[in-house]
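The values are calculated or read from the model by the stated rules, or taken from the named source; none is laboratory data. In this text, all values refer to a predicted model and were calculated from it rather than measured experimentally. Neighbour counts run over all protein chains shown; Cβ positions are idealised from the backbone, glycine included. Remember, those area values only see protein heavy atoms, side chains included, never the ligands or the DNA or RNA. Shrake-Rupley method; radii C 1.70, N 1.55, O 1.52, S 1.80 Å.
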Amino acid sequence: MIEEPYRWVEAIANRREYIETQLAPGSPIVALSYRDGILFVTVGRARQKLFEIYDRIALGAIGHPGDIERLRMAAIELASTEGFTRSAGDVSLRRLAFYSLSPVLKTAFEQVYGAPYLARMIFAEVGASPAGDLFLRVEYDGAIAAGGASADTQPPRFSVISGTTPSAELMEELLRRDHDSNCTLRAALKVALDAWSAGSMRAADDEVKEIPAHATLLKHRQEKLKSATVEACVLERSGASAIRYRSVADGELKELTAA
Amino acid sequence: MSDPLGAAAFDFPALLRRHGLLHEASLLPPVSASRPASTFTPTQATTILAFKFTGGVLVAGDRRATAGNTVVYDRADKVLEIDRHSIMAIAGVPATAWEMARVLEHSLQYFRRTQLQEMSVDGKVRALSKLLRDNFGFVLQGIGIVVPIFATYDFAGDGQARLYFYDAMGAQFEVAEYAATGSGSPAVRGVLFYENRWGKKRLQKLSEEDAVTVALRALDTAAEADTATGGVDRHAKIFPLIKIISRAGIKTLPEEQIAARFKRTVA
C-alpha cells in the first residue's frame, strides 16, 4: 500500500490528522520566565503533567500517558547518565531535545507500520537571567520550536502548548500583551492562569476569536476548577542546591492565588 | 529507548551497567597465592565521626589523605552531601568512596525523578549497602576499602534524625547516639563515649557550640596518636570539615566559625 511515494505522503497525512485529533482535548500548559525562575502551570484532573527531568530542566506534556512516560523516562535516563559520567553542567536541554529526542520521534512518526508517540511536550531550562532561559516545544513528529509558535524578533520569555493551534496562538497573544519576564511569582501565576483560561476557552469554542475579558476568563476558570485542580512547578534561578526544580504545593498555590 | 519495565530499570547503578559505565569490583579476579597482592599503596582518608545533638546530627571529618606513610593531601573533603537531608562521610580509599558517593547521589535523584517520590530512608540506607557490597572485590584486593557513615532525616516516617555506620562488606548498623570510623576512630569513640557518659551533658543534649567543641576535641585527640588523622593543623590553619543536618536541611559551618570556636575552647 505504501510502496508508492504518494501513498506514503497520504499515510503520513492521515497519521498526522489522527494524532492531532487525539491531542485536541489536552489541557493547555503554560511555561514562563519570571524574575526568580521559570513557572509551569496547568489545570488537570488527577494525572501529573509537569515533571522534573534534571537539575535545571522541567517538562510539561499532553498526550497519551504511556507515550509521555516513555519519553519522560528516556529524557531522565539521558540527562542522568550525562550528568553522572561528565558533570551536571554538561547536561543541556538543547542537546537533549535536538540530538536525542527529535530523531527518535521523527523515526517513530514516519515508520507508518509502527506506532507514533502521541505526545506534545514543552521543555524549559532555567538560566542565570530571564534572557538565559530556554523554552523548547517538541512535537510528536520531532519538530522543535523555540519560544512561541509565531515568529517574533525578540524571543519571547514564555512558551505554551495546547491541544489545538488556535488555542495556543490565543494564549501566546495574551502572554505577549500581559507578561513581563521580570515579574514576581505571584504575578507570573496570575498571568499564566489567565493564559490557561484563554487557551481552554478557545479550544472548547471556535467562536472565541479575541482574548476574552478578565472577568470572563476568571469565570471560566472557576467553573473548570470545580472538577479539576491547578498544578504548578518552578525552576528556581538561584539556590544553595544544584537542584532547582520544585513543585508548588497546594498550600503555597492557595496563598499565591489569594487576592 | 530501552524497555522501562522490570524493577532493575529504576535502579541507577543498573542503568549505568547497561550502558557499560559502571563495573562491579567483585567481577575482577581475586588475589590468589600464585598472584600476590600488588605492592601498590592506595591513598586513604580517615577519620570521620557523627553524633546527634539538640540541633540535629553533626557530621565531621578531618582533612588528611595518606598513602602509607606519605601525606598526600591535607584539604580532603570527606563529608559529602548526598541530597537535601543526607550526608555520607567517608573513611577509606577516596577514589572508590567519591565515586560511590556520586553513584549514590545520582541514584537517589534518579529514583525521585522517575518514580515521582522520595526514596525512603530504608531504601537509601540499603542503596549504600549495595554499593559497598559491589565494591567488596576491591576490598579483598586491598585497594578499595570504604567504611562510611550515613546520616539523614526521616521525613516520611517519624521525623527523626537517623544515623548509621557500615562495615566494608556493606552491613549497616544504626546507632542511637554516635558513630566513628577510620584509623583514628578508636580514640574518637573513646572521647565520645566519655563525653556521653561522664561529660556535663549527654551528646544529645549539647548545644551546637558545645557539639562543635566536642567534635574538634575528638578529632584532635585522634590526631595525637594516629598519623593518618589530620586533626587540626595549627600552623597551616586547616580545620576539620563540619556539617549539620537539621529539619531545615544541611548547613556547612564556615571555617571562621570553627576557627573561633577552636581558639576559645580547644587550643
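Remark: residue A:33 falls outside the filter, which requires a residue to be in a loop (DSSP other than H, G, I, E, B) and under 19 Å from residue A:161 (Cα atoms). Can you say whether residue A:104 is assigned to a helix (DSSP H, G or I) and touching a residue at least 12 places away in the same chain (Cβ under 8 Å), as far as the supplied structure shows? Yes. Scanning the range A:250-259 for residues that are open to solvent by less than 60 Å² (accessible area, probe 1.4 Å) and part of a loop (DSSP other than H, G, I, E, B) yields a total of 1.
The number of residues in the range B:128-144 that are surrounded by 22 or more Cβ atoms within 10 Å (Cβ to Cβ) and outside any helix (DSSP H, G or I) comes to 2.
Look at residue A:192 and say whether it is under 30 Å from residue B:112 (Cβ atoms) and either within 14 Å of another protein chain (Cβ to nearest Cβ) or of a type in the set (Lys, Arg) (or both). Break it down into steps so the answer makes sense when it comes.
Values: under 30 Å from residue B:112 (Cβ atoms): yes; either within 14 Å of another protein chain (Cβ to nearest Cβ) or of a type in the set (Lys, Arg) (or both): no.
No; evaluated as a whole, the condition is false for this residue.
Can you spot a residue in the range B:160-168 that is part of a loop (DSSP other than H, G, I, E, B), closer than 13 Å to residue B:100 by Cβ and in contact with a helix residue (DSSP H, G or I) (Cβ under 8 Å, 6 or more places away or on another chain)?
yes
Taking the stated definitions as given, is residue B:111 within 14 Å of chain A (Cβ to nearest Cβ) and surrounded by fewer than 21 Cβ atoms within 10 Å (Cβ to Cβ)? For residue B:111, the condition - within 14 Å of chain A (Cβ to nearest Cβ) and surrounded by fewer than 21 Cβ atoms within 10 Å (Cβ to Cβ) - is met.
Here are some residues: B:171, B:222, B:179, B:215. Which one is in contact with a Ser or Thr (Cβ under 8 Å, 6 or more places away or on another chain) and buried (at least 22 other Cβ atoms within 10 Å of the Cβ)?
Numbers: B:171 fails: buried (at least 22 other Cβ atoms within 10 Å of the Cβ); B:179 fails: in contact with a Ser or Thr (Cβ under 8 Å, 6 or more places away or on another chain); B:215 fails: in contact with a Ser or Thr (Cβ under 8 Å, 6 or more places away or on another chain).
Matching residue, one of B:171, B:222, B:179, B:215: B:222.
List the helices (runs of 4 or more DSSP H) inside the range A:152-248, counting only whole elements, that have at least 1 residues being touching a Lys or Arg at 6+ places or on another chain (Cβ under 6 Å), of a type in the set (A, V, I, L, M, F, W, C) and modelled with pLDDT of 95 or more. Before you say what the answer is, go through the steps one by one.
Numbers: elements: A:165-178, A:185-204, A:214-224.
The qualifying helices (runs of 4 or more DSSP H) are A:165-178.
For residue B:66, are the conditions met, namely being farther than 17 Å from residue B:131 by Cα, modelled with pLDDT under 95, more than 14 Å from every other protein chain (Cβ to nearest Cβ) and within 10 Å of the chain's Cα centre (by Cα)? In short, no.
Taking the numbered list (1) closer than 30 Å to residue B:266 by Cα; (2) at pLDDT 95 or above; (3) of a type in the set (S, T, N, Q) in turn, residue B:183 passes all entries but (2).
If you scan the range B:173-227, which residues turn out to be assigned to a loop (DSSP other than H, G, I, E, B) and hydroxyl-bearing (Ser, Thr, Tyr)?
Residues of the range B:173-227 that are assigned to a loop (DSSP other than H, G, I, E, B), as a first pass: B:176-177, B:182-184, B:199-202, B:206-207, B:226-227.
Listed by number, the residues that qualify are B:183, B:207, B:227.
If you take the residues of the range A:183-213 that are under 24 Å from residue A:255 (Cβ atoms) and among the basic types (Lys, Arg), which of them is nearest to the chain's Cα centre (by Cα)? Top of the filtered list is A:190. The set of residues in the range A:115-139 being open to solvent by 30 Å² or more (accessible area, probe 1.4 Å) and within 14 Å of another protein chain (Cβ to nearest Cβ) consists of A:115 alone. Scoring residue A:95 on the criteria (1) among the basic types (Lys, Arg); (2) under 14 Å from the mean Cα position of the chain (by Cα); (3) open to solvent by 30 Å² or more (accessible area, probe 1.4 Å) leaves a single failure, condition (2). Within the range B:82-99, the only residue that satisfies the criterion of being open to solvent by 10 Å² or more (accessible area, probe 1.4 Å), within 14 Å of another protein chain (Cβ to nearest Cβ) and among the hydrophobic types (A, V, I, L, M, F, W, C) is B:98.
Can you tell me which residue among A:187, A:168, A:198, A:203 is within 24 Å of residue A:131 (Cβ to Cβ), away from chain B (no Cβ under 14 Å) and surrounded by 21 or more Cβ atoms within 10 Å (Cβ to Cβ)? Explain how you work it out, then say what you get.
On the way: A:187 fails: surrounded by 21 or more Cβ atoms within 10 Å (Cβ to Cβ); A:198 fails: within 24 Å of residue A:131 (Cβ to Cβ); A:203 fails: within 24 Å of residue A:131 (Cβ to Cβ).
Result: A:168 is the single residue among A:187, A:168, A:198, A:203 that is within 24 Å of residue A:131 (Cβ to Cβ), away from chain B (no Cβ under 14 Å) and surrounded by 21 or more Cβ atoms within 10 Å (Cβ to Cβ).
Residues of the range B:145-156 that are open to solvent by less than 50 Å² (accessible area, probe 1.4 Å) and not in a strand (DSSP E or B): B:147, B:148, B:154.
Take residue B:229 and decide whether it is hydroxyl-bearing (Ser, Thr, Tyr), touching a residue at least 12 places away in the same chain (Cβ under 8 Å), farther than 28 Å from residue B:160 by Cβ and open to solvent by 30 Å² or more (accessible area, probe 1.4 Å).
Details: hydroxyl-bearing (Ser, Thr, Tyr): yes; touching a residue at least 12 places away in the same chain (Cβ under 8 Å): yes; farther than 28 Å from residue B:160 by Cβ: yes; open to solvent by 30 Å² or more (accessible area, probe 1.4 Å): no.
Answer is no for this residue.
In a residue-by-residue description of the range B:97-119, the property of being within 18 Å of residue B:222 (Cβ to Cβ) and of a type in the set (A, V, I, L, M, F, W, C) applies to no position.
Only residues that are among the β-branched types (Val, Ile, Thr) and open to solvent by less than 10 Å² (accessible area, probe 1.4 Å) were counted across the range B:43-65, and they come to 4.
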